[in-house]
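Read the figures in this text as sums done on the coordinates, not as results from a lab. If you're wondering where the values come from, they're calculated on a predicted model, not measured in any experiment. Quick reminder, even Gly has a Cβ in these numbers, built from the backbone with ideal geometry, and neighbours come from all protein chains shown.
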Ligand code: NI
């Protein structure tokens, strides 16, 4: 079998024995610009978490994980960028944690004392034998509120943390 390709006319000849087959190539090569480029990357994830994610995105009518993850990334970037300002605001940080994780309670108290001027109030609820829920109300520059909330959320033992920022001037 011999392949002969006419580059100019996009015609492919295949010689098979004494027979010659002619194919007109209609493969349109899509021009890929930098913005259209798609990069594939691997994500390590626990099966249980992925299973929950799949169920959640199915309810939201996503047909595949990639689209759901792209939307999440866009949303994340928008939220992060909108909070990086000098504007004065108020934040409520809700955290859920296991109070058995050693050093966490002390670290949380230390941080709250270090920021006693910004943290207006803290509400603590004992949810069950292990878990505690706290809501911190923080006042200050939006970016400072975010920085403080990020520092608390990053502490080992914090299971979930969510910051909501609002402004009196809205
Ligand atoms: Ni508690």
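Test of understanding: ordering 36, 88 by Cβ neighbours within 10 Å, fewest first, what list do you get?
Neighbour counts put them in this order, fewest first: 36, 88.
Sort 62, 76, 97 so the one with the fewest other Cβ atoms within 10 Å of its own Cβ comes first.
76, 62, 97
How many nm separate the modelled label positions at residue 81 and residue 102, each set 7 Å beyond the Cα in the direction of the Cβ?
4.4
Please compute, over every Cα-Cα pair in region 72-170, the percentage with a separation greater than 20 angstrom. Present the calculation step by step, with values, prior to reporting the outcome.
Details: 1797 of 4851 pairs.
Tail of the P(r) past 20 Å holds 37 percent of the pairs.
Over region 47-170, calculate the relative contact order: mean separation of alpha carbon pairs under 8 Å at least 6 apart, over the residue count, as a percent. Could the numbers behind the result be given before it?
Working: 160 pairs, mean separation 43.0, N = 124.
Dividing the mean separation by the residue count of region 47-170 yields 35 percent.
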